[in-house]
Structure formats: structure tokens, C-alpha cells
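The values are calculated or read from the model by the stated rules, or taken from the named source; none is laboratory data. Every value quoted in this text rests on a predicted model; they were computed, and no experiment measured them. FYI the Cβ positions are ideal-geometry reconstructions off the backbone, even for glycines, and counts take in every protein chain you see. All accessible areas refer to the heavy atoms of the entire protein, side chains included, with ligands and DNA or RNA removed. Shrake-Rupley method; radii C 1.70, N 1.55, O 1.52, S 1.80 Å.
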Amino acid sequence: PAVSAALYCHLVQGKKGGEVLGAIRKTLSYIDQSLTSKAAPYLAGEAESVADIVLWATLFPVLRDEFCLPDELQALRSWFQTMNLSEPCRSAAESVLTPKGAQEFKAYLQKQPGPSLHWEKPATNEPEEEELAERSLSEEEIAAAVEAWARGPAALPERWQPPSPVLPVEGRRNVLITSALPYVNNVPHLGNIIGCVLSADVFARYCRLRNWNTLYVCGTDEYGTATETKALEEGLTPQQICDKYNAIHAQIYRWFDISFDYFGRTTTPHQTTIAQDIFRRLLERGMLLTDTVDQLRCERCQRFLADRFVEGTCPFCNYEEARGDQCDKCGKLINAVELKKPQCKMCKDSPVVKSSQHLFLDLPKLEGSLEKWLAQSWATGDWTANSRFITRSWIRDGLKPRCITRDLKWGTPVPLDGFRDKVFYVWFDAPIGYLSITANYTDQWERWWKNPQQVQLYNFMAKDNVPFHSVVFPCTLLGAEDNYTLVNHLVATEYLNYEDGKFSKSRGVGVFGDMAQDTGIPADIWRFYLLFLRPEGQDSAFSWTDLMLKNNAELLNNLGNFVNRAGMFVCKFFGGCVPPMELGTDDKRLLAHVTLELRQYNQLLEKVRIRDALRCILSISRYGNQYIQVNEPWKRIKGHDADR
């Protein structure tokens, strides 16, 4: 009832969203506490109920997405995003809260008895010019901003110069950043770039500006059947394929100005040494099992088929293009032999089932350690709502032993009699690449990766990689019992789609890194647009038309226009040097507005909400443009000295 009453005030009495949020804050806190105490994803427990639907439908017109909720209401934010992503709620939002739907809703309300309505257009991410002017400021905020301005650059902290190589420093905030390792057999598309390397790059740059001791590593994931198959296609050896595409990836990321401290690869001696050491420690501690596995083998290709080289119908949701390890539609993990109507992706033949002995990581044995660690990491770290939800759903379904070996030749060899003709499965091997890549950067790699007391680890990825980084890899390191640094902050994006469909490497649909470079559009424009539509709370879509509109309206007419007008004016009339100033009332208010935006920008980026932080930058330039328009310096420059 309290939520409904506040919503009525919003619609009928013309209250702003912030006032509504304030009016229902106590109620929302109660709901958040209820969700937290139950440790369940829904209001009534493990399954969605009518209570969830009713509350979501009441809140959605006011909040629109979970980022409108305060940070401390973490359980409620996670619940709200889960509801937003559910198919019935998404369909309802799309059908009702479009501009047409909003107008129909308005017309309906106006026919109802009651006071005359003040209708506000639905909230967007774009602050309007008049909204900027309406934000209230206290005298204390204005005074603090003026004081900071008066102190000038001399008051800024001295720029931190990290050692070379970058190593953890006692007493400093030590930040280790990884991007999910891009697979080496193809050219990365824009969805890969924003989901992993660009998002991590922006955060790494922010950390360095904050004087945090920061190391950012990435590299190409090079082992597995996909590499073997690509080598056959191009008439090269697997190593030659890896060399070729590692160079392509590195060149694309250089063009996008990604600021890796080190960009490496997984086909190195360090990878073999570290992966085999972790394997031996798991074996010694009884964390591995042996079992017979039914695998799909293509008789025409004469090979066992890696999971991603089988397609068929998902046994859970009947999606017809599910891969042999995971369904892109429902997100569930699959064993390839469970697929209905499986096909070899290379020759389209139907594979046959054959048996083979394999090694498994005993995830059920590690489940208690995992849950204890997750509770601590979630309490202190910034995991995105989707990463928490995906992890929770995995654990809720019960962990099962996970196969860590494959019948392949191209991979890290298994150092155990009876299995020496096999290699490690890529999802056991690949995350260890973070460690081996760091080891190729510095022989003191253990100071980063066996130092959880001093190091904060951030993993960046798209949501399909979450289970391997939140469950499988942490269990691997926990089971090895060697004081490994585990992820503190798991940052997962939703999917970036292309126009009306999906990016697809295999079908060549979308914009790929080399294509972006060939357009002649500068890298910074691509960076800006990808960050502007970064899929933080839900899927977003790249559009050529929207790229043009956002570039012209925001990057050019807003930010570019402000910087250019101010810079040209100073150069033309003041010799390129900003003269001493006496601040007037409007000047002080401007400084206070900018200070608030900067504070919000810091808060958002510390939570790795990059898209929303970018809005703060654009708001600052809007304030600048508005200030110029109001004060008309082109007129004042012609007046008296005081006007100048």
C-alpha cells in the first residue's frame, strides 16, 4: 500500500521520481531486509510468485531500472533486475511503457475521477537542460566547491608512479584487473570489445587517476579444438594460427587504445607449469574423480568433438542453435550428449556417442568452501546483479562434478599416467591463463596471485562467462589450497546485439574490430558510443543510425561544443591564458553543480557503473553550455573591463 500510494502521488500530484523514492524508502528497506534474511531470489522464496509481479509492476513506472535504487539496497536491486529480465515483465514493459503506451496510460488516467493530472514523460538516461537548473544546492555545498576551486591544482595529491614491473605495495590500494581472455581463432567484434577489454580499460584508467596501484592484464586464449579446426581451414599449424590471430587481436586493441600493462597468451611454458602444479595439488588433496564419459565423435572428421563444435536443440528450452556446452537462450550449461538432434558444426553430419575415461573436478566436495567464500566476497565486493543471480542459480541447482580433460592434442598435457594422451579442458585451463600471463610479465607474479590480503581482484566479462569465473575457477583455486587471490569484484555485462539481431562470428554478422578501423571513424568515437550504450542492466543494441545520432548530439554538440567554444574564446580574446577571476554567484553555483556531478561520477565508477558515470561527464558539459548561453560572453567581451 505504501508503494502504491507513493506511485499515485507521482502520477496525480506531479512528484519527481526522487521524491517518490524518498516517500517509499522505509518500505523498500523493509523489502530489502526481507530478501536478505531469506537469502532467496524472490519475495516468497525460490520461485517467482504473484507478489513479485505486483510489486514489480508498481515500482517499474517510477524506477525503470535497478540503478535508481540506492546502492545499499543490494538485495532489492538484484531482485528488481531479475524481474526486469524475465520474459513476461520485459514484454509488459515493451508493450505498455513505449511512448505510445505511456500516452494511452495517460489518457486512461485522465478519465478517472480525482484531481487534474500533471503528466511527466517517462524517465530516460538523458538529463534535460531544464532539469539541470532545477537541482537544488545548499549553501554548504556551494561554499565547499568555492573553497576547493580556490586551493587550485596545488592541492591535488602527487601523481603515483608505480614501480616497473607493477607490484603490490604495502599500504596502497592494489588493484588487479583482468579481461576475459578472447579466443584466438577469430577477430573480436564490438560486443567482445565492450564486454571485456574496453570496460576493463576504462576502469583501469580510472584506478590510475585515483592513484591506486593498478595492474591490468589480458591475452589470447589459444588452446582447444577451435584452434585445431581453424588451422585445418587455413592450412596452418595450430601454433601458426595462434601467432597470426594473437597479432591481429593485439593490433586491434592497440587501435582501440586499450591500456594493458601486459597483453600475453596462453601457449607458454608458464601456462604448462602453473596449470600442472594446480592439477597436482588438487590430485593430492583428493579433489579429483575419474569417470567414463560418453562423448560425441564425428566419424567423417575422425575426431571427438569439442563442446562448441556441436550444435543441436537445447534439452531445457528447445532452442535449436544451442552449443554443446551452454545454451545462449536459457543460459543453462549442457553436456553435449544431452543435445537433441546434434550436428557436427564442421561437416553437418550426426555424430555418434563413444566412451572415454576422464578426470573430474569434485565440485560437490568443494561446495561448502565455495559458499563460505562467496558470502564473504558478496558482502565486501561489487558483483554485478547478473553475476550474483547466475551464480546463485548454479548453486541452487546443486553442483556436479565437472570434467577437466579432453581427447585432444592441442592443449596443456595432463601429467598423470593413464591420461597422458589427453589435455586439460579449456575451461579448466583458460582462467589459469590470468596467472601465467602475469608470470610472463613478472617473475614475481605470486605477489599478485597469492596475496589476497593486499590485492583487490576485478574480473571483467560478458554474462555467459560468469559460471566459470564465479564457481569453477574459484573451486579450482580453493581446492588447491595455496592462498590464491580470488575475485573480489565480478563485473559482467549483458549482451550487445547488432541492429535487430545478434553479433555472430561464425555468420559474419556485426561490426568487427578490423572493420571499425577500416571505416575511418576515429577510435575515440567508437569508444564513446560503446560506453554510452554499454549493456549494464539489460541487453542493448548497436545501430549505425544511433551511432551517428549519439556522436552528433552528445559527443559533438554537447561535450565537443562546450570544449571548443570555451577554448576558442580564451585563445581569441585572452591569448590562450585563462586570466584571474572573481567568482560571481552564478559562477559559484556552477562550480557546486560540477562538484556534485564529479562526486556522483566517482561513486558510480567505484561501483564500475561506467555507462552511468559517462552521463555525469555529459551533464558537466551541459552545465557549461548552459552557463555560456545564459552569460553570452560574445556580448560581454565588447563591453567594459568588468564585463570582459
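Taking other residues whose beta carbon is less than 10 angstrom from the beta carbon of Arg308, and scoring Lys, Arg as +1 and Asp, Glu as -1, yields -1. Got a sec? Charge dipole of the chain, +1 on Cβ for Lys and Arg, -1 for Asp and Glu; which of Leu556, Gly398, Ala143 is way out at the positive end? Of the listed residues, the answer is Gly398. Between Ser259, His270, Ala247, the Cα set farthest toward the positive side of the dipole of the range 245-287 (charges on each charged residue's Cβ, about the Cα centre) is that of His270.
Taking Cα centre as origin and charging only the Cβ of basic (Lys, Arg, +1) and acidic (Asp, Glu, -1) residues, the dipole magnitude of the range 356-455 rounds to 200 debye.
Label separation (Glu320 vs Leu137): 6.1 nm, computed from points 7 Å beyond Cα along the C-beta direction. Model label sites at Val353 and Glu632, defined 7 Å from Cα along the beta-carbon direction, differ in position by 8.2 nm. With protein chains left intact and a 1.4 Å probe, residues in the chain average 47 Å² of accessible area per residue. Of the two radii for the range 458-597, the radius of gyration is 1.14 times the Kirkwood radius, both from the alpha carbons; that is the Rg over Rh value.
Residues Met581, Met515, ordered by accessible area of protein heavy atoms at a 1.4 angstrom probe radius and largest first, appear as Met581, Met515. When the P(r) of the range 409-481 is calculated, the portion above 14 Å amounts to 70% of the C-alpha pairs. Pair-distance distribution P(r) for the range 382-424, from all Cα-Cα distances in 5 Å bins starting at 0: 5, 20, 15, 10, 10, 12, 17, 9, 2 percent. At an R0 of 51 angstrom, the distance between the Cβ atoms of Glu367 and Ala148 translates into a FRET efficiency of 0.50.
Computed with every protein chain present, the accessible area of Cys301 is close to 40 Å² [probe 1.4 Å]. Over all orientations, the range 230-370 has a Cα convex hull whose mean projected area works out to 12.0 square nanometres. The simple Förster model, with R0 at 35 Å and r as the Cβ-Cβ distance, assigns Glu338 and Leu232 a FRET efficiency of 0.85.
Ranking Cys330, Leu288, Gly479 by Cα position along the charge dipole of the chain, where only Lys, Arg, Asp and Glu carry charges on their C-beta atoms, puts Leu288 farthest toward the positive end. Counting only alpha carbon atoms, the long axis of helix 139-151 and the longest principal axis of the chain meet at about 80°. Summing Cβ point charges (Lys, Arg +1; Asp, Glu -1) relative to the Cα centre of the chain gives a dipole of roughly 180 debye. Were the residues from Gln453 through Ser393 laid out at 0.36 nm apart, the gain over their Cα-Cα distance would be 18.7 nm. The residues neighbouring Arg159, those whose beta-carbon lies less than 12 Å from its own, together hold a net charge of +1 under the Lys/Arg +1, Asp/Glu -1 convention.
Measuring nothing but alpha carbons in the chain and taking Rh as the Kirkwood radius, the Rg to Rh ratio lands at 0.99. The calculated 222 nm mean residue ellipticity attributable to helices in the chain amounts to -14000 deg cm²/dmol, summing -39500 (n - 2.57) over DSSP H runs of n ≥ 4 and dividing by all residues.
In the distance distribution for the range 141-237, Cα-Cα pairs more than 22 Å apart total 55 percent. Which links in Lys230/Lys400; Lys463/Lys502; Lys329/Lys463; Lys345/Lys502 stretch past 23 Å when you go from one Cα to the other? Table pairs above 23 Å Cα-Cα are Lys230/Lys400.
Ranked by solvent-accessible area (1.4 Å probe, protein heavy atoms only, all chains present), the residues Val54, Val146 order from largest to smallest as Val54, Val146.
One quarter of the surface of the convex hull around the alpha-carbon atoms of the range 490-539 equals 4.4 nm², the direction-averaged projected area.
The Cβ shell under 14 Å around Leu176 holds other residues with a net charge of +3, Lys and Arg each +1, Asp and Glu each -1. Relative to the current alpha-carbon distance between Leu85 and Gln600, full extension at 0.36 nm per residue lengthens the span by 182.8 nm. With R₀ set to 30 Å, the beta-carbon distance separating Gln161 from Lys607 gives a calculated FRET efficiency near 0.65.
Put a dot 7 Å past the Cα of Arg281, heading toward its Cβ, do the same for Asn552, and the two dots end up 5.7 nm apart. I'd like the Kirkwood hydrodynamic radius of the range 563-644, using the inverse of the mean 1/r over distinct C-alpha pairs, in Å. The Cα-based Kirkwood calculation yields 14.4 Å. The stretch between Arg172 and Thr27, if pulled fully straight at 0.36 nm per residue, gains 48.3 nm over its current Cα-Cα span.
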